[in-house]
Amino acid sequence: MAKNKLVAPVVKWVGGKRQLIEQISNCAPRSFSRYYEPFLGGGAVFFELQPKNAIVNDINAELINLYTVIRDQVDALIEDLRIHKNEEQYFYEIRELDRDREKYDGLTPVKKASRVIYLNKTCYNGLFRVNKAGEFNAPFGNYKNPNIINEITLRAVSHYLTEANIELHCTDFEEVLRDARKGSFVYLDPPYDPVSETSSFTGYDKGGFGKEEQQRLKNTCDDLNARGAKFLLSNSATDFIKTLYQNYHIEVIKARRAVNSKADKRGEIDEVLVMNYDPKK
């Protein structure tokens, strides 16, 4: 199955990898039997590589529902997206739907997926963000002409998810990697270790991802390595992360910080790519 250039991320996500696609793609193995991505997010790497056989996962149920609807009900999703209005009052009415859980749970999967895309395209800074109660909390963006219905991309992604052998999961990262073994390639893009006490931005899901989770992820990487699977991990270049993965191949790369609310605070920062193989071989 040839790569389709129209296949691309459908939502903007915290920690999205669009700007680092070239470096990550250059480090990925040339061939593998099955691809795993336990922290899918916006899926920039997944949609760039377009593996024929993959298991992808995210702990955020809204996101996995979105991809499931794109795969199975793309026509209904596109029609529902046509209903939305780029108006502030309407935006907050749609945003507030998840404040009443009983009412929200009664929405169809298509309605939930449509809401995620609409809020993502029209909220400030275009980022999916929830509070500790799991409620979407980004404000209205007041953009003149947001691309709410990107029909070409939606249909291309739907076709790819249908034609390739892709499994979508919503579970813990450790669980989804249990069957990864020799011949598998695993790309890991977890919530980053914060470079400072105030820089942590993991608000795409109500759960946290602290030092204990980073250590558990490293233990999972050790397990993948012992099983003969290849892994590539992205994270911030903190002393903690560099020490944690000191026995693996580490490359430091430059990335632009994109989630700070102040534009002048979005400068270049160091990130690491950690591998259990030599990317040049």
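Worth a mention:
- Boolean, ILE24 is in the same structural domain as ASN165 (by TED's automatic domain parsing) and either more than 23 Å from PRO279 (Cβ to Cβ) or outside any loop (DSSP other than H, G, I, E, B) (or both): yes
- Within segment 1-33, tally of residues that are surrounded by fewer than 19 Cβ atoms within 10 Å (Cβ to Cβ) and among the β-branched types (Val, Ile, Thr): 1
- Flag for ALA229 being in contact with a Ser or Thr (Cβ under 7 Å, 6 or more places away or on another chain) and modelled with pLDDT of 95 or more: yes
- Screening THR68 against (1) in a helix (DSSP H, G or I); (2) under 21 Å from GLY183 (Cβ atoms) leaves a single unmet condition, (2).
- Considering segment 63-104, the residues that are surrounded by fewer than 18 Cβ atoms within 10 Å (Cβ to Cβ) and among the aromatic types (Phe, Trp, Tyr) include one that is nearest to ILE152 (Cα to Cα), namely TYR90.
- Across segment 208-236, the qualifying residues are those that are surrounded by 14 or more Cβ atoms within 10 Å (Cβ to Cβ) and among the small types (Gly, Ala, Ser), and the one among them that is nearest to LEU273 (Cα to Cα) is SER234.
- Cβ separations smaller than 8 Å between residues 6+ apart or across chains give the following pairs from segment 179-191 residues that are within 12 Å of ASN276 (Cα to Cα) to residues that are of a type in the set (Val, Ile, Thr): TYR187/ILE24; TYR187/VAL45.
- Index of the failed condition, PHE91 passing every other in (1) hydrophobic (A, V, I, L, M, F, W, C); (2) assigned by TED's automatic domain parsing to the domain that holds PHE173; (3) in contact with a strand residue (DSSP E or B) (Cβ under 6 Å, 6 or more places away or on another chain): (2)
The values are calculated or read from the model by the stated rules, or taken from the named source; none is laboratory data. Fair warning: this is a prediction, and the values are worked out from it, not measured in the lab. Cβ atoms come from the backbone with ideal geometry, glycine included; neighbour counts cover every protein chain shown.
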